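The values are calculated or read from the model by the stated rules, or taken from the named source; none is laboratory data. Being a predicted model, the structure only gives us computed values, none of them experimental. No Cβ is skipped: glycine too gets one built from the backbone with ideal geometry, and neighbour counts run over all protein chains shown.
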Amino acid sequence: MRQYDRNEPPGLSEPTELSEPTEPSEPIERREMRRTVADFLDRHADIRTAMTNADGYDRELWRRGVDELGVSALLVPERCGGLGMSFADGAVLVAEFGRRLVPSPLLDTVVATAVLAACGTDEADWLLTEIATEGLSVAVAFAEPEAGWCADSLASRAASHSAGWTLRGAKEYVAHGATADLLLVPARTTEGELRLYVTRASDAGLRRTSRTALDHTRTLAEIEFTDAVAVRVDGSAGGADSVALLSGLMLTALAVESAAAARSCLSGIVTYLSVRQQFGRALGSFQALKHRCADLAVRVAGAEATAWYATESVGNGAQAATTPELAKVVCADALLRVAAESVQLHGGIGFTFDHDAHLFLKRGKANQLLFGSGQQLRTRVAEAAGLGT
Amino acid sequence: MSAGLKLSDADERFRLRARAWLADNLAGEFADVVGTGGPGREHQAVRRRRQWERRLGASGWIGLGWPKRHGGQDASLLRQVVFHEEYARAGAPARLGHMSEQLVGPTLLTFGTAEQQARFLPGILRGEVLWCQGYSEPDAGSDLAGVRTSAVREGGHYVLSGQKIWTSLADIADWCFVLARTDPDQTRHRGLSYLLVPLDQPGIEIRPIRQITGTSEFNEVFFDGARTAVDNLVGAEGDGWRVAMGTLAFERGVATLGQQIGFERELNAIIATARATGAIDDPALHARIVDAWIGLRVMRYTALHTLSSAGTGPSGSEGSISKLQWANWHRNLGELAVDVTGAAGLVAGGASDELTEEQLLFLYTRADTIYGGTNEIQRNIVAERVLGMPR
């Protein structure tokens, strides 16, 4: 049914230019990388064990990933002993880890190294060298009890001393914050300027409290900074830009992860409906269920395209300022919808702890809430689009 | 390893050339056709739009993607998209020749004989000959294999009997490409043939169908002893299903990029209305406006993603995902359009007491989820062919 019976509607508006991603979405090198990572995870990742151990992730898998995939060195520039890859390359790993809900500090480390690489300061380069060579993990400590993820309202303080900086304040909802080796922290100088700092998790000036997270596959911590020793990593050009970059990349990475998880969750539904027999036939042969899956496929296709667009647009001036916000909203919403349908369409088995359906459901809800709720981000998108009331 | 995010210089020059040509030609002589022929206004300025088709053809804008040896330009998919966008941006009129250019033309390029190509392609490229599509029938809508219109061979001709329906442009087209049953002993998709039939003959009657918009885009076409020469059979007799289905129409996921410029114009008009009526201050309506805006972006990214994967990724059934995506979005937009007008949407408010743009959009977009394969059929296709669910 490819015939269509009518004219295209005409248009009179000012369109946006096509100065946008137009190359094949998956270059061969990247496809090979995807396959390598997928093989690696299929062989070594055990989600259930990882999510129930005390660390909330598998240190052995991380160590192996450092050795075999260069997970910490991926986005570290070659000048710092890294692999010098792009954010879009890192997104391939984020997607493959996300597809399987692998508990890992990977996403935050990818984003943090991308931000540090963009800082271009000696301090950032020293840290990047250490991250690459030592295989360190980095957590992003952004949200605060009062401010949430609203950068303008962040209140943590950075004080200057002869020897460097110290941080004071409280952060929360820090993914893998209780176990990461380093923390990337936006904080305000005494002049009120927002800057990016890095502290060592082992520093005596910080206290980390692990919280029981809704999403078992991503542990969350509260972190109290009491004159924790820190390094300022962004240059003189202006910290607000680097904080905006951090926020944008986190949102984009969450979008990529959500879209990939939505795709694999949908595949799980389709597989189940194709093998599960009731009334003497495969459940998936019932049109009512087919149509629900088709609607999910439309959502997932839109989410994948949006995540792809946001990824390819990173660092490209052509992208709208709120593309990452839009992408996170669209992709996290898609994941939650697919995951909710997954629980329903699996029937009773989907309500059991042993089945993975609830892990996708919890990841979906968590990703909707992390780095700004759907409502908050929609408001930002609307304002940037001139849709304010 | 980063993707190039810009058009090449050559493609950008192509864009500027298209833009300049459209601006020049839509000023002055063709200023009256700007914006005509849209949803619910299909019969505006038909005579002038036929002239416009000739102007397009004379300047080589028809058949951009066709091979040069057949009179086309060998333009890349990207350039076809660029032209589509510029065409929409310029407010050029709704095409009358799209079925000629995008359906029967490519079919003839793939399945036609050298004689058929030499006879029919030039008229399409010049924008002189208009075609319509004779597939659907009263009992063969979503289930096209149920076609019953018969074509019986008599000497050097086929003689057709039966009825087609939902035939856009039949009232003004010169030719119709018809799926007809040439072997009455075969059922379903076997025994069908793809025939080119001239419309101006005694055995054909065309009746417009009055739609819920009050206007008529679609027609019924009655064949009662209509004739066409056996030379006008495309592909082998009985092979019509393969010919009809084998035509890869211009990739819809890509074509929608031009269409989306029209969508954006409609959304912008709705936002302007919402500001004027104060509806934008209603939190529920505002949320729907924002979601519509976001949905339009997602459709754009989906189309760009499809375009970027063209030639490498899976194709074909992706068109069904795109169709579901935009048809539902557009139908929802039609509801939003009337809602932002408030109670004024109860009565006609256009010039000379016609329905308003919002009312027409509301009504017209009900067709979007029906024609070209209903939402229900598209969902079947997505479930079975994209997701691989059991039949």
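For the stretch B:131-180, a tally of residues being surrounded by fewer than 22 Cβ atoms within 10 Å (Cβ to Cβ) and either hydrophobic (A, V, I, L, M, F, W, C) or more than 14 Å from chain A (Cβ to nearest Cβ) (or both) returns 20. For the stretch B:41-85, the set of residues classified as charged (D, E, K, R) and not in a helix (DSSP H, G or I) consists of B:R41, B:E42, B:D74, listed by residue number. Condition check for B:A337 on (1) hydrophobic (A, V, I, L, M, F, W, C); (2) within 13 Å of another protein chain (Cβ to nearest Cβ); (3) part of a helix (DSSP H, G or I); (4) crowded, with 21+ Cβ neighbours inside 10 Å: one failure, at (2).
For the stretch A:231-248, the count of residues that are part of a strand (DSSP E or B) and either buried (at least 24 other Cβ atoms within 10 Å of the Cβ) or not hydroxyl-bearing (S, T, Y) (or both) is nonzero. In the set (1) over 30 Å from A:A88 (Cα atoms); (2) buried (at least 22 other Cβ atoms within 10 Å of the Cβ); (3) more than 8 Å from chain A (Cβ to nearest Cβ), B:G72 fails one condition alone, (2). Against the test of being in contact (Cβ under 8 Å) with a residue 60 or more places away in the chain, basic (K, R) and within 14 Å of chain B (Cβ to nearest Cβ), the options A:R263, A:R232 yield a single qualifying residue, A:R263. Residues that are at pLDDT 95 or above, surrounded by fewer than 17 Cβ atoms within 10 Å (Cβ to Cβ), outside the structural domain of A:I47 (by TED's automatic domain parsing) and under 25 Å from A:T129 (Cα atoms) occur in the stretch A:204-219; there is at least one. If the condition is being of a type in the set (A, V, I, L, M) and either at pLDDT 50 or above or in a helix (DSSP H, G or I) (or both), then the stretch A:1-51 contributes A:I28, A:M33, A:V37, A:A38, A:L41, A:A45, A:I47, A:A50, A:M51.
When restricted to residues that are facing another protein chain (nearest Cβ under 8 Å) and of a type in the set (A, V, I, L, M, F, W, C), the stretch A:266-288 contains 4.
Counting only residues that are touching a strand residue (DSSP E or B) at 6+ places or on another chain (Cβ under 6 Å) and either aromatic (F, W, Y) or over 30 Å from B:F362 (Cα atoms) (or both), the stretch B:202-219 holds 3 of them.
Could you please let me know if A:S137 is hydroxyl-bearing (S, T, Y) and either over 20 Å from the mean Cα position of the chain (by Cα) or farther than 25 Å from A:R211 by Cβ (or both)? So A:S137 does not fit the description; no. Quick one: which of A:V92, A:V66, A:V115 is touching a strand residue (DSSP E or B) at 6+ places or on another chain (Cβ under 9 Å), in a helix (DSSP H, G or I) and not polar (S, T, N, Q)? Every option except A:V115 fails the conditions. Taken as a whole, the structure leaves B:Y301 outside the set of residues that are within 7 Å of chain A (Cβ to nearest Cβ), not in a helix (DSSP H, G or I) and not β-branched (V, I, T).
Considering only residues that are over 20 Å from A:R31 (Cα atoms) and surrounded by 21 or more Cβ atoms within 10 Å (Cβ to Cβ), which ones fall in the stretch A:78-100? Of everything in the stretch A:78-100, those that are over 20 Å from A:R31 (Cα atoms) and surrounded by 21 or more Cβ atoms within 10 Å (Cβ to Cβ) turn out to be A:C80, A:G82.
Within the stretch A:52-63, the set of residues being assigned to a helix (DSSP H, G or I) and surrounded by fewer than 17 Cβ atoms within 10 Å (Cβ to Cβ) comprises A:T52, A:R59, A:E60, A:R63.
In the stretch A:321-342, the residue that is modelled with the lowest pLDDT out of those that are of a type in the set (V, I, T) and over 16 Å from A:D295 (Cα atoms) is A:T322.
Listed here are the helices (runs of 4 or more DSSP H) enclosed by the stretch A:293-389 that have at least 3 residues being buried (at least 24 other Cβ atoms within 10 Å of the Cβ): A:323-345, A:357-369. Of the numbered criteria (1) under 24 Å from A:L361 (Cα atoms); (2) touching a residue at least 24 places away in the same chain (Cβ under 8 Å), the one A:H44 fails is (2). Within the stretch B:94-116, is even one residue over 19 Å from the mean Cα position of the chain (by Cα), farther than 29 Å from B:L7 by Cα and buried (at least 19 other Cβ atoms within 10 Å of the Cβ)? Looking for residues that are over 19 Å from the mean Cα position of the chain (by Cα), farther than 29 Å from B:L7 by Cα and buried (at least 19 other Cβ atoms within 10 Å of the Cβ), one finds at least one in the stretch B:94-116, hence yes. Evaluate the stretch B:363-385: report whether one residue or more is within 12 Å of chain A (Cβ to nearest Cβ), farther than 20 Å from B:W326 by Cβ and outside any loop (DSSP other than H, G, I, E, B). Yes: the stretch B:363-385 contains one or more residues that are within 12 Å of chain A (Cβ to nearest Cβ), farther than 20 Å from B:W326 by Cβ and outside any loop (DSSP other than H, G, I, E, B). Scan the stretch A:101-122 for residues that are of a type in the set (D, E, K, R) and crowded, with 21+ Cβ neighbours inside 10 Å and the total you get is 1.
Of the set (1) at pLDDT below 95; (2) facing chain A (nearest Cβ under 8 Å), all apply to B:T277 but (2).
Whenever a residue of the stretch A:361-389 is more than 14 Å from every other protein chain (Cβ to nearest Cβ), its partners that are polar (S, T, N, Q) and assigned to a helix (DSSP H, G or I), lying with C-beta atoms within less than 6 angstrom and at least six residues away or across chains, give the pairs A:N367/A:S258.
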